[in-house]
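The values are calculated or read from the model by the stated rules, or taken from the named source; none is laboratory data. Owing to the predicted nature of the structure, the values given are computational and were not obtained by experimental measurement. All Cβ positions, even for glycine, are placed from backbone atoms using ideal geometry, and neighbour counts span all protein chains on display.
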Amino acid sequence: MNSIEEKLWNYIDGACPPEEQQAIEQLIATDEVYRNKYNELLQLNNEFAVMEIDEPPMAFTYNVMQTIRAEHGLQPSKSRIDGRIIWGIAAFFIITIAALLIYAFSTVNWSNATHVNNTIKIDTNKFTGVFSGVAGKGFLFLDVVLGLFLIDHYLLRRGMTKVQ
Amino acid sequence: MQSKLSDIELIQQTLGGNQSAYADLIKRHQRFVFTLALRFTKNREDAEEVAQDCFVKAYRSLSSFQQQSKFSTWLYSIVYTTAMTFLRKKRIDTSSIDDEETYLQLENKPGSFDENNVENKSRSYYLNQAIGQLLPDDAAIITMFYKGEQSLEEIAQVMGIEANTVKVKLFRARQRLKEKLERNLRHEVKELI
């Protein structure tokens with residue numbers, strides 16, 4: 001009996017192979033036991049398909065959004081901090097430090113190095129020129145912006161911790 | 001119009017920082033997520049807690065959604081995991097649908113149907129009541145299949161099992177539901193006589 005039901009359910013779900021489907025169609029048409037069972041299961045299937053689903057409380061969406069706001073500081077993790085910004089900042093500092101080191105070591109006269117204190121000679125006049133120009137001001141401005149961004153981020157996180 | 005956007009479009013907007021897009025996504029899926037949670041918890045308060053937790057978890061990991069499946073399938077797998085964890089915490093055994101003792105305990109749980117008149121109840125009332133008497137796994141499979149627009153393969157993905165196993169479980173769940181529905185209706189008829 002179970003095997004009949006199982007086959008019929010598969011047939012109703014459209015989950016049986018074409019040959020089996022044809023065979024079942026034949027059985028439904030010719031065999032009364034099959035036909036009756038099929039009609040019974042089909043009626044049941046229709047009832048299951050129209051069953052009601054429950055409604056959550058009215059404030060459900062609001063409550064979820066409130067929890068999210070409290071936990072995540074208004075935005076999902078991906079949009080809160082774009083990874084490319086972090087990598088960009090890191091790359092900027094790494095390149096700057098690397099460039100300074102390369103420049104410093106390239107100016108060293110290694111053949112005359114008799115004392116450790118005299119091995120690295122950096123012409124500070126060149127740097128003074130750079131930092132007093134537009135590029136230097138731009139660099140300082142960028143530093144200030146990054147500093148403000150970090151302070152804002154820190155204060156926001158602190159605020160969220162207090163809320164929780 | 002926000003409501004006409006697809007799930008994927010709403011997700012992209014959410015990831016772009018538009019929170020109201022996520023609120024739209026919640027409104028779209030909350031009824032089913034709540035119902036699915038209710039199939040496990042069997043009471044509205046716990047179901048609300050589980051459903052709320054699911055949406056918060058989904059929000060947290062929205063950026064990791066690979067779009068290899070439907071958003072609903074991904075969301076229901078969160079519901080399934082969260083609900084199972086919740087039940088484990090509540091020390092309710094849901095490990096096997098063949099656990100006869102648990103099955104009988106739930107089967108013999110008194111219902112509220114004998115307090116009301118059968119004339120006031122629709123057939124869907126009895127159906128919901130019978131679903132409420134099923135084991136969580138059975139109730140969840142039936143709900144996902146009929147109301148969640150999930151295929152056997154998608155249900156398998158949600159539950160982390162093989163599609164063939166889902167097929168067998170669905171068959172058994174339907175049989176049990178049918179038995180319970182008939183039993184409840186017979187009981188009602190007896191009450192009336």
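Here are the numbers for the structure shown:
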| item | result |
| --- | --- |
| Hits in the stretch B:80-92 - residues which are in a helix (DSSP H, G or I) and farther than 14 Å from B:Ala156 by Cα | B:Thr82, B:Ala83, B:Met84, B:Thr85, B:Phe86, B:Leu87, B:Arg88, B:Lys89 |
| Any hit, the stretch B:74-89, residues being in the same structural domain as B:Leu181 (by TED's automatic domain parsing), at pLDDT 90 or above and of a type outside the set (Gly, Ala, Ser) | no |
| Unique residue being surrounded by fewer than 14 Cβ atoms within 10 Å (Cβ to Cβ), within 12 Å of chain B (Cβ to nearest Cβ) and acidic (Asp, Glu) when the list is A:Glu19, A:Glu25, A:Glu40, A:Glu47 | A:Glu40 |
| Near pairs, Cβ below 6 angstrom, 6+ apart or cross-chain, from the stretch A:7-31 (on the phi > 0 side of the Ramachandran plot and assigned by TED's automatic domain parsing to the domain that holds A:Asn45) to any residue that is part of a helix (DSSP H, G or I) and at pLDDT below 90 | none |
| Yes/no for A:Met51 being among the hydrophobic types (A, V, I, L, M, F, W, C) and part of a loop (DSSP other than H, G, I, E, B) | yes |
| Elements of type helices (runs of 4 or more DSSP H) in the stretch B:118-193, at least 1 residues being farther than 20 Å from B:Phe40 by Cβ, within 11 Å of chain A (Cβ to nearest Cβ) and small (Gly, Ala, Ser) | B:123-132, B:163-192 |
| Matching entry among B:Leu5, B:Leu15, B:Leu62 (being over 17 Å from A:Pro56 (Cα atoms), away from chain A (no Cβ under 12 Å) and hydrophobic (A, V, I, L, M, F, W, C)) | B:Leu5 |
| A:Asp31 vs. criteria more than 30 Å from B:Tyr22 (Cβ to Cβ), more than 7 Å from chain B (Cβ to nearest Cβ) and either surrounded by 15 or more Cβ atoms within 10 Å (Cβ to Cβ) or touching a helix residue (DSSP H, G or I) at 6+ places or on another chain (Cβ under 7 Å) (or both) | no |
| Elements of type helices (runs of 4 or more DSSP H) in the stretch B:1-67, at least 3 residues being within 18 Å of the chain's Cα centre (by Cα) | B:19-41, B:44-60 |
| Given (1) modelled with pLDDT of 75 or more; (2) not in a helix (DSSP H, G or I), number of the condition A:His153 does not satisfy | (2) |
| Hits in the stretch A:1-11 (condition: within 10 Å of another protein chain (Cβ to nearest Cβ) and surrounded by 13 or more Cβ atoms within 10 Å (Cβ to Cβ)) | A:Glu5, A:Glu6, A:Trp9, A:Asn10 |
| Answer residue from the stretch B:48-59, given it is within 8 Å of chain A (Cβ to nearest Cβ) and of a type outside the set (S, T, N, Q) and is nearest to A:Glu71 (Cα to Cα) among those | B:Val56 |
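For every residue, the table says whether it meets (1) at pLDDT below 85; (2) touching a Pro at 6+ places or on another chain (Cβ under 6 Å); (3) of a type outside the set (A, V, I, L, M).
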| residue | (1), (2), (3) |
| --- | --- |
| B:Asn128 | no, no, yes |
| B:Gln133 | no, no, yes |
| B:Asp137 | no, no, yes |
| B:Ala140 | no, no, no |
| B:Ser151 | no, no, yes |
| B:Met159 | no, no, no |
| B:Glu162 | no, no, yes |
| B:Lys180 | no, no, yes |
| B:Leu192 | yes, no, no |
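Quick grid of which residues meet (1) surrounded by fewer than 13 Cβ atoms within 10 Å (Cβ to Cβ); (2) assigned by TED's automatic domain parsing to the domain that holds A:Tyr154; (3) modelled with pLDDT of 70 or more; (4) in contact with a helix residue (DSSP H, G or I) (Cβ under 8 Å, 6 or more places away or on another chain):
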{"residue": "A:Ala59", "(1), (2), (3), (4)": "yes, no, yes, no"}
{"residue": "A:Asn63", "(1), (2), (3), (4)": "no, no, yes, yes"}
{"residue": "A:Ile86", "(1), (2), (3), (4)": "yes, yes, yes, no"}
{"residue": "A:Phe93", "(1), (2), (3), (4)": "yes, yes, yes, no"}
{"residue": "A:Ala98", "(1), (2), (3), (4)": "yes, yes, yes, no"}
{"residue": "A:Ser111", "(1), (2), (3), (4)": "yes, yes, yes, no"}
{"residue": "A:Lys121", "(1), (2), (3), (4)": "yes, yes, no, no"}
